[in-house]
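Colleague: So that we are looking at the same thing, I have put the structure below in structure tokens.
The values are calculated or read from the model by the stated rules, or taken from the named source; none is laboratory data. Treat the numbers as computed from the prediction; the structure is a model and nothing was measured. Neighbour counts are summed over all protein chains in view; Cβ atoms, including those assigned to glycine, are modelled from backbone coordinates with ideal geometry. In case anyone asks, the SASA skips ligands and DNA or RNA and just uses the protein heavy atoms, side chains included. Shrake-Rupley method; radii C 1.70, N 1.55, O 1.52, S 1.80 Å.
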Amino acid sequence: MSLLSSAFRWTLALCFLLLSALLSLTLAGPLAIDVEEPPASARQLFGSTVLDEVPLIDGHNDLPWNLYNYERNRINQFELNSDLKQHPVWGPSTSSHTDIPRLRAGKVGAQFWVAYVSCSNQYKDAVERTLEQIDVIKRMVRKYPDHLKYVTGTDGIRTAFEEGKVGSLIAVEGGHSMDSRLAVLRMYYELGVRYMTLTHSCNTPWADASPIDDETDPVLRNVSVWGRNVIWEMNRLGMLIDLSHVSHGVMVDVLEHTKAPVIFSHSSSHAVYQHHRNVRDEVLKSLVANRGIIMVNFYTGFIGGNSIDNVVAHLNYIKSITGPDYIGLGSDFDGVGSVPAGLDDVSKYPDLFDMLAEGVYRTGETFVPWTREELRALAGENLLRVFGEVERVRDSMAGVAPYEDLIPYAEFVDAGVADQPCMSDLEIHK
């Protein structure tokens, strides 16, 4: 054996020993030393990647309302899978924030699409118009099977996310859409509606809307006796009760009487910005006891400013009251004419999650960064928990018969709508 080959062998042996030592250290796990907080850039990275791990579920998008406004629901020749910012009608609109390319860029995992009709339709053609909006949502979803998937529950949301599609659910915004008829409510559920907002900006005969809280000496009815039957029937059906838009008194009444967790599909904090649409601290605390969720709204008129910082301020404040397990996002995109800079449309959710993980406002002021677990909860895990609990209440009431009594005629008189033509068939309840 030559000296050269011997030296070569010793070199190989030494390299093998060094590699073995390094491998042993790696397998043994981290060394017992203090580890510094990850730099802001690392936290920012996990902010947006959370949306690859859990579905981002937005509680409220009014795209179907714009389909009615701009297209009169004629969508066969309308292309949602395009850049609507370049569209001659949709592009200039300040209330157009959604198309499929931007949904993809925003990593949206599930969306409640809202079947909304105006309060001016109450006790006229609200039911018919709501049915048209449910129809256009279903047709929209069917038109884009590569991107959207119609779902009606928690399992469907998870399946759509696994398939890389936007789980698409239907919501009805405003109890005026059911004409105070529980049969209509039940039919909405059969058609796929999975939450109903108890009021919009107008009172119903059985529940007050939030503008009443700004009135001087209002006549408060909160939730009427018959209105509690709406709550009970929604519990029985497994339909989420949405308390956005309702009065403070209705919030309190519903939280007292519901058997299931509730949602605020698009509301913010009253303490941060005092608007009647926002939720007061005492209700937030009751929401924790109820195990419900508040999904924070992006409308500048409700958050008190025109920056993404304002949304973050509401999120941070609500988290300080409720903890991280009762918060979600309900943008109100396509339903409002002004959204914050930095949250311009549905493509911007990753920016919000990066910002929350980094813990820095755009002004440079810092706040406590959100952890990965908190961001996962915010994105979708909280809503999935609430929805799952509502489904379990539904299953526990499977053998319970539907509530059948019609609303007393006196409640229509008290609400000032007894002279509407569709009230004639309720004369027997005088």
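Colleague: Along the charge dipole of the stretch 150-206, pointing to its positive end and built from +1/-1 on Cβ of Lys, Arg, Asp and Glu, which listed residue (Ser180, Ala160, Ile170) has its Cα farthest out?
Modeller: Ser180
Colleague: Pull out the extension gain between Glu373 and Ala289, defined as 0.36 nm times the separation in residues minus the alpha carbon to alpha carbon distance; nm, one decimal. Working shown, then result.
Modeller: Details: separation 84, 0.36 × 84 = 30.24 nm, distance 2.11 nm.
Once the chain is fully extended between Glu373 and Ala289, it gains 28.1 nm.
Colleague: Additional query: Which value, in Å to one decimal place, does the Kirkwood hydrodynamic radius take for the stretch 155-220 when every pair of different Cα atoms is included? Write out the running numbers ahead of the final one.
Modeller: Details: mean 1/r = 0.0714 Å⁻¹.
Every distinct Cα pair counted, the radius reaches 14.0 Å.
Colleague: Build a GNM of the chain with springs between Cα atoms under 10 Å: which of Pro369, Pro88, Pro55 gets the top mean-square fluctuation?
Modeller: Result: Pro88 has the largest fluctuation of those listed.
Colleague: Something else: Can you give the relative contact order of the stretch 168-325 as a percent, counting alpha carbon pairs under 8 Å and 6+ residues apart? Let's see the in-between values first.
Modeller: Values: 275 pairs, mean separation 27.5, N = 158.
Value for the stretch 168-325: 17 percent.
Colleague: Express the accessible area of the chain per residue in Å², computed with a 1.4 Å probe while the remaining protein chains stay in the model. Please list the in-between numbers first.
Modeller: Values: 18630 Å² over 430 residues.
In whole numbers, the chain has 43 Å² accessible per residue.
Colleague: Could you give the length gained on full extension between Ala271 and Glu128, defined as 0.36 nm per residue of separation minus the Cα-Cα distance, in nm? Intermediate values should be presented prior to the final figure.
Modeller: Details: separation 143, 0.36 × 143 = 51.48 nm, distance 3.85 nm.
47.6 nm is the gain from fully extending Ala271 to Glu128.
Colleague: In nm, to one decimal, how far is the Arg280 label point from the Glu389 one, both placed 7 Å along Cα→Cβ?
Modeller: Modelled inter-label distance: 2.3 nm.
Colleague: In a Gaussian network model over the chain where Cα atoms closer than 10 Å are linked, find which of Thr366, Thr204, Thr216 has the largest mean-square fluctuation.
Modeller: Thr216
Colleague: Related question: Below 8 Å between Cα atoms, with a sequence gap of 6+, how large is the relative contact order for the stretch 192-253 in percent? Before the final figure, lay out each step's value.
Modeller: On the way: 94 pairs, mean separation 29.6, N = 62.
Once divided by the residue count of the stretch 192-253, the mean separation gives 48 percent.
Colleague: In the stretch 126-163, which GluC sites (Glu not before Pro) fall in coil by DSSP and have 14 or fewer other Cβ atoms within 10 Å?
Modeller: Details: sites: Glu128, Glu132, Glu162, Glu163; in loops: Glu163.
For GluC sites (Glu not before Pro) across the stretch 126-163 that sit outside H, G, I, E and B with at most 14 neighbouring Cβ atoms in 10 Å, the list reads Glu163.
Colleague: Another question, then. Considering only protein heavy atoms, what is the solvent-accessible area of Asp155 at a probe of 1.4 Å, reported in Å² to the nearest 10?
Modeller: Ignoring ligands and nucleic acids, Asp155 comes out at about 110 Å².
Colleague: Comparing Ala126, Ala289, Ala207, which has the greatest mean-square fluctuation in the GNM of the chain with Cα pairs linked when under 10 Å apart?
Modeller: Ala289
Colleague: Tell me the relative contact order for the chain as a rounded percent, counting alpha carbon contacts under 8 Å between residues six or more apart. Walk me through the intermediate numbers first.
Modeller: On the way: 791 pairs, mean separation 83.1, N = 430.
Over the chain, the number comes to 19 percent.
Colleague: Okay, next question. Using a 7 Å offset from the Cα along the Cα-to-Cβ direction at both Ser338 and Val184, what is the distance between the two label points in nm, to one decimal?
Modeller: 3.3
Colleague: Let me ask something else. May I ask you to give the average projected area over all directions of the convex hull of the Cα atoms of the chain, in nm² rounded to one decimal?
Modeller: Details: hull surface 117.8 nm².
Spelled out: convex hull of the Cα atoms, projected over all directions, averaged, 29.4 nm².
Colleague: Of all accessible surface on the chain at a 1.4 Å probe, what whole percent is carbon and sulfur? Don't skip to the answer; put the middle values down first.
Modeller: Numbers: 10130 of 18630 Å².
Of all accessible area on the chain, carbon and sulfur atoms account for 54 percent.
Colleague: Probe radius 1.4 Å, ligands and nucleic acids left out: which of Phe302, Phe333 has the largest accessible area, and how do the rest follow?
Modeller: Descending order: Phe302, Phe333.
Colleague: Here is a further query. What number in nm² do you get for the stretch 238-285 if you take the convex hull of its Cα atoms and divide its surface by four?
Modeller: On the way: hull surface 13.0 nm².
Mean projected area for the stretch 238-285: 3.2 nm², to one decimal.
Colleague: Can you tell me the orientation of helix 281-290 relative to the chain, as the angle in degrees between its alpha-carbon axis and the longest Cα principal axis, to the nearest 10?
Modeller: 80
Colleague: What is the sum of charges, Lys and Arg at +1 and Asp and Glu at -1, for the other residues whose Cβ falls under 14 Å from the Cβ of Pro88? Mind showing how you got there, number by number?
Modeller: Working: positive: Lys85; negative: Glu71, Glu79, Asp83.
Spelling it out: positives minus negatives among the neighbours equals -2.
Colleague: Another question about this same structure. Taking Cα atoms, how many degrees apart are the long axis of helix 308-322 and the longest axis of the chain, rounded to 10 and kept between 0 and 90?
Modeller: Helix 308-322 sits roughly 80 degrees off the main axis of the chain.
Colleague: How far, in nm, would the chain grow between Ser120 and Asp155 when pulled straight, counting 0.36 nm per residue and subtracting the alpha carbon separation?
Modeller: Values: separation 35, 0.36 × 35 = 12.60 nm, distance 3.65 nm.
Extra length from Ser120 to Asp155 when fully extended: 9.0 nm.
Colleague: If you line up the long axis of helix 227-237 against the longest principal axis of the chain, both from Cα atoms, how many degrees apart are they, to the nearest 10?
Modeller: The answer is roughly 50 degrees.
Colleague: For the stretch 139-296, what value does the Rg/Rh ratio take when both radii are computed over Cα atoms and Rh is the Kirkwood radius, given to two decimals? Display every interim value, and only then the final one.
Modeller: Numbers: Rg = 16.3 Å, Rh = 16.4 Å.
We get a ratio of 1.00 for the stretch 139-296.
Colleague: Additional query: Could you tell me what percent of the DSSP beta bridges with both partners in the chain are antiparallel, to the nearest 5? Write down the numbers at each step before the final one.
Modeller: Details: 4 of 35 bridges.
Of those bridges, close to 10 percent are antiparallel.
Colleague: Report the FRET efficiency, 1/(1 + (r/R0)^6), for Arg139 and Thr363, where r is their Cβ-Cβ distance and R0 is 35 Å, rounded to 0.05.
Modeller: Between Arg139 and Thr363 the formula returns 0.20.
Colleague: Follow-up. What whole number of Å gives the distance from the Cα centroid of the stretch 250-306 to the Cα centroid of the stretch 131-201?
Modeller: 22
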